[in-house]
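Read-outs throughout are calculated quantities, based only on the coordinates presented, and are distinct from any laboratory measurement. Given the structure is predicted, the values throughout are model-derived calculations rather than measurements. When we count neighbours, we look across all protein chains shown, and the Cβ atoms used for this are built from the backbone with ideal geometry, even at glycine.
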Amino acid sequence: MRVKRSVIAASALILSLSLAPRALADPTAEDRAAADVLFREGRALIKQGRHALGCSKLVASQQLDPVAGTLLALADCYELNGETASAWATFNDAEAMARKAGDGRRSNEAARRAGLLEPQLSRLAIEVAPEARVEGLEVRRNKKLLDAALFGSAIPVDPGEHTIEAAAPGKKAWSAKVLIEPKAGQSTVRVPRLEDAPAPEAPTVPERGARVATSAAPAASSWSAQRTVGLVVLGGVSLAGIAVGTVFGVDTLLKISEARDQHGCTNDDPPRCDAEGVKLHQDANTTANISNVAFAAGGAALITGLVVLLTAPSRQAAPPTALEVRLWPAVGVGTAGMSLRGSF
């Protein structure tokens with residue numbers, strides 16, 4: 001409880017110091033205005049206990065208008081959020097900035113807070129075995145590349161889970177996770193010797209005079225192109241012919257019925273009726289011819305498809321054959337019929 005009260009008291013002092021006039025004038029007026037807004041929003045979020053978001057606001061404020069007061073508030077926010085290493089480093093930055101600006105009050109406060117925090121730091125040492133220090137070795141902590149000079153050094157880190165990774169050309173990648181407790185102490189991770197990665201397989205070069213195998217022929221398919229043609233003709237062309245014949249047949253009956261009922265046409269050949277009725281009978285003759293031809297073509301396609309399908313070989317090694325079959329009515333002056341065309 002005493003520690004918590006001291007942190008709250010120190011935070012209040014930090015707030016009073018950070019709200020003082022800013023020492024630098026390099027940013028534009030708009031930058032300073034935006035920085036002030038972000039600063040006040042960050043402090044409000046911190047008071048609500050939303051430390052992570054509050055810290056991000058203060059970081060943005062510091063980037064727009066870098067001053068010691070904002071750094072002090074940011075370091076305090078880091079400490080409240082449990083990021084002790086970040087808080088300690090930021091207090092040191094605030095002390096240096098305030099001292100350079102001749103602001104003894106902030107400089108002293110930042111140095112005092114950094115001194116109180118240093119004994120509480122959690123530290124992590126990443127050791128690399130001598131046999132593991134191969135050419136091109138890269139060691140990363142939380143995706144950030146470490147300088148080789150830091151190998152073996154116990155550096156302050158924020159509590160939480162940290163991922164250590166190591167990689168080198170021709171070696172298998174290695175990684176490990178370590179959980180840093182929020183208390184003073186040191187943890188050590190040792191990077192072992194990396195295992196050799198499997199060598200890529202070299203292409204096989206045939207001996208001189210040796211027979212080079214050609215690409216294998218495609219496997220024989222139990223479903224041949226001939227069967228495909230048979231099914232297309234049977235299921236597509238024949239059904240199309242029957243459908244066309246049915247449509248034109250029904251149209252023929254409708255025309256004859258209209259001529260008889262509405263125009264008084266007789267069943268004589270040629271029928272006796274008015275001019276419109278005669279025209280309907282002529283149209284009926286045309287559609288009747290189309291219907292007959294379509295039915296005939298559909299029937300012929302049905303028989304052809306069955307013959308092609310039933311006579312197809314059981315296995316076929318040839319590549320599939322491209323097939324296109326089309327069926328449509330052909331109508332001219334005084335003539336009618338169906339057109340069946342295909343390409344293989």
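Listed by chain and number, the lysines whose C-alpha is less than 19 Å from the C-alpha of Lys143, apart from same-chain residues fewer than 8 away, are Lys171, Lys172, Lys177. The gain in end-to-end length when the Glu138 to Ala44 segment is fully stretched comes to 29.7 nm, 0.36 nm per residue minus the alpha carbon separation.
Here Lys47 is the anchor, and the aspartates and glutamates within straight C-alpha reach of less than 16 Å, apart from those fewer than 8 places off in the same chain, are Asp76, Glu79.
Taken about its Cα centre, segment 60-209 carries a charge dipole of roughly 180 debye when the Cβ of each Lys and Arg holds +1 and the Cβ of each Asp and Glu holds -1. One Cα centroid belongs to segment 127-203, the other to segment 92-113; the line between them spans 36 Å.
The mean of 1/r over all distinct Cα pairs in segment 36-137, once inverted, gives the Kirkwood hydrodynamic radius of 14.7 Å.
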